[in-house]
Amino acid sequence: MAALLIAFFITALLYASVGFGGGSTYNALLALSGVDYRILPLIALACNIVVVAGSTVRFGRAGVTPWRGAFTLTAIAAPAAFLGGLTPVGESTFLLLLGGALVLTALTMLLPVRGEGGEPSRLAKFAPFVAAPLGFLAGIVGIGGGIFLAPLLHLVRWNSARAIAATASLFILVNSLFGLAGQILKGGEGRFAAAIEIGLPLLVCVAIAGQIGSLLALKYLPQRWIRWGTAALTAWVGARLLTGM
């Protein structure tokens, strides 16, 4: 458990530093530790909620969240995340989806982040069409989906970098809540109790690390270094998961 706590701490610290929750990496770390794959999403989604809740509130208070656009994307994705959480999948399919999501996540972390200037692309108006598929995938594998949404929004110049980060944070928070509800209904009380037994110390760990990560991002470390470090960690864990199948 000590090694897992350290790994979760580092993951939460890095992901919080770039505005994400880390659900995909939590899942992979638990899978590599031999935890029953059926309770992985329960733990990972709960950790997501703990990490991004604070950043969502901070973005809102700072007045940088584009509420209309963010609510539109989130409202489309959330029901799909709930359905994804309810969807039963076999272990091999779950691990394949998770490993692929991790590798793709690492690649998205290396994409350039848009600055504050410039006009939106004509493709920006089609952003809501990707929300439902991302929400469904998020619900199945126990992630928030913001790690995929944010790079797409940057590519189409949907809004400023801070507004996109705020939108991704809200997207992760709500999708994680809906996905967790679906996972709980699918698994029943037995899996929920098992998830609490394993996940409670991990939740405390990521709550502390998330606050430290936000502080590092604001005052000390360059965003580029943090993104590269997060991408390296994610790629390594994803590759380990896929090669071990």
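The values are calculated or read from the model by the stated rules, or taken from the named source; none is laboratory data. Computed from a predicted structure; not experimentally measured. Methodologically, a virtual Cβ is constructed for each residue, glycine included, from the backbone with ideal geometry; neighbour enumeration extends over all protein chains shown.
Restricting attention to the stretch 42-86, report how many residues are in contact with a Gly (Cβ under 6 Å, 6 or more places away or on another chain), of a type in the set (A, V, I, L, M) and more than 27 Å from Gly213 (Cα to Cα).
The number of residues fulfilling the criteria is 2.
Residues of the stretch 68-92 being farther than 20 Å from Ala163 by Cβ, among the small types (Gly, Ala, Ser) and crowded, with 17+ Cβ neighbours inside 10 Å, which ones?
Residues satisfying the conditions are Ala80, Ala81, Gly84, Gly85.
Pick from the stretch 63-79 the residues that are of a type in the set (Gly, Ala, Ser) and without any contact (Cβ under 8 Å) to a residue 12 or more places away in the chain: which of them is nearest to Gln183 (Cα to Cα)?
Applying the first criterion (of a type in the set (Gly, Ala, Ser)) to the stretch 63-79 yields 63, 69-70, 75, 77-78.
With without any contact (Cβ under 8 Å) to a residue 12 or more places away in the chain added as a condition, the list becomes 63, 75.
Details: Gly63: 33, Ala75: 19 Å.
Step by step, filter the stretch 63-79, then rank; the result is Ala75.
Check whether at least one residue in the stretch 50-67 is touching a Ser or Thr at 6+ places or on another chain (Cβ under 6 Å), assigned to a helix (DSSP H, G or I), buried (at least 17 other Cβ atoms within 10 Å of the Cβ) and polar (S, T, N, Q), and report yes or no. Lay out the reasoning, then the answer.
Filtering the stretch 50-67 down to residues touching a Ser or Thr at 6+ places or on another chain (Cβ under 6 Å) leaves 52, 55-56, 59.
With assigned to a helix (DSSP H, G or I) added as a condition, the list becomes 52, 55-56, 59.
Okay, now just the ones that are also buried (at least 17 other Cβ atoms within 10 Å of the Cβ), so 52, 55-56, 59.
From the residues that got through so far, the ones that are polar (S, T, N, Q) too are 55-56.
Yes, that holds for at least one residue.
Which pairs turn up if I take residues in the stretch 80-103 that are closer than 21 Å to Gly146 by Cβ and of a type in the set (Val, Ile, Thr) and look for partners that are at pLDDT 85 or above and assigned to a helix (DSSP H, G or I) with beta carbon separation below 7 Å, at least 6 apart in sequence or on another chain?
Thr87/Ile140
Looking only at residues in the stretch 19-56 that are β-branched (Val, Ile, Thr) and within 15 Å of the chain's Cα centre (by Cα), which one is nearest to Ile184 (Cα to Cα)? Steps first, please.
Keep residues of the stretch 19-56 that are β-branched (Val, Ile, Thr), which gives 25, 35, 39, 43, 49-52, 56.
Adding the requirement that they be within 15 Å of the chain's Cα centre (by Cα) leaves 25, 43, 49-52, 56.
Numbers: Thr25: 20, Ile43: 11, Ile49: 15, Val50: 17, Val51: 20, Val52: 20, Thr56: 24 Å.
Restricting to residues being β-branched (Val, Ile, Thr) and within 15 Å of the chain's Cα centre (by Cα), the top hit is Ile43.
From the list Leu102, Leu111, pick out the single residue that is of a type in the set (A, V, I, L, M), part of a helix (DSSP H, G or I) and modelled with pLDDT under 85.
Numbers: Leu111 fails: part of a helix (DSSP H, G or I).
Testing whether each residue is of a type in the set (A, V, I, L, M), part of a helix (DSSP H, G or I) and modelled with pLDDT under 85 leaves just Leu102.
Which residue out of Gly179, Gly213, Gly187 is touching a residue at least 60 places away in the same chain (Cβ under 8 Å), under 19 Å from Gly145 (Cα atoms) and either touching a Pro at 6+ places or on another chain (Cβ under 8 Å) or not hydrophobic (A, V, I, L, M, F, W, C) (or both)? It would help to see each step written out before you state the result.
On the way: Gly213 fails: under 19 Å from Gly145 (Cα atoms); Gly187 fails: under 19 Å from Gly145 (Cα atoms).
Result of the check over Gly179, Gly213, Gly187: Gly179.
Being farther than 23 Å from Leu4 by Cα and surrounded by 24 or more Cβ atoms within 10 Å (Cβ to Cβ) is the filter here; which residues of the stretch 179-203 pass it?
The answer is Gly179, and nothing else.
Does Ile39 satisfy the condition of being surrounded by fewer than 24 Cβ atoms within 10 Å (Cβ to Cβ) and either at pLDDT 90 or above or touching a Gly at 6+ places or on another chain (Cβ under 6 Å) (or both)?
Details: surrounded by fewer than 24 Cβ atoms within 10 Å (Cβ to Cβ): yes; either at pLDDT 90 or above or touching a Gly at 6+ places or on another chain (Cβ under 6 Å) (or both): no.
So Ile39 does not fit the description; no.
With respect to the numbered conditions (1) farther than 16 Å from Asn48 by Cα; (2) of a type in the set (A, V, I, L, M); (3) crowded, with 19+ Cβ neighbours inside 10 Å, which one is the sole condition not fulfilled by Leu111?
(3)
Taking the stretch 1-12, which residues are modelled with pLDDT under 85 and assigned to a helix (DSSP H, G or I)? Break it down into steps so the answer makes sense when it comes.
Let us first name the residues in the stretch 1-12 that are modelled with pLDDT under 85, namely 1-2.
Ala2, the sole residue that qualifies.
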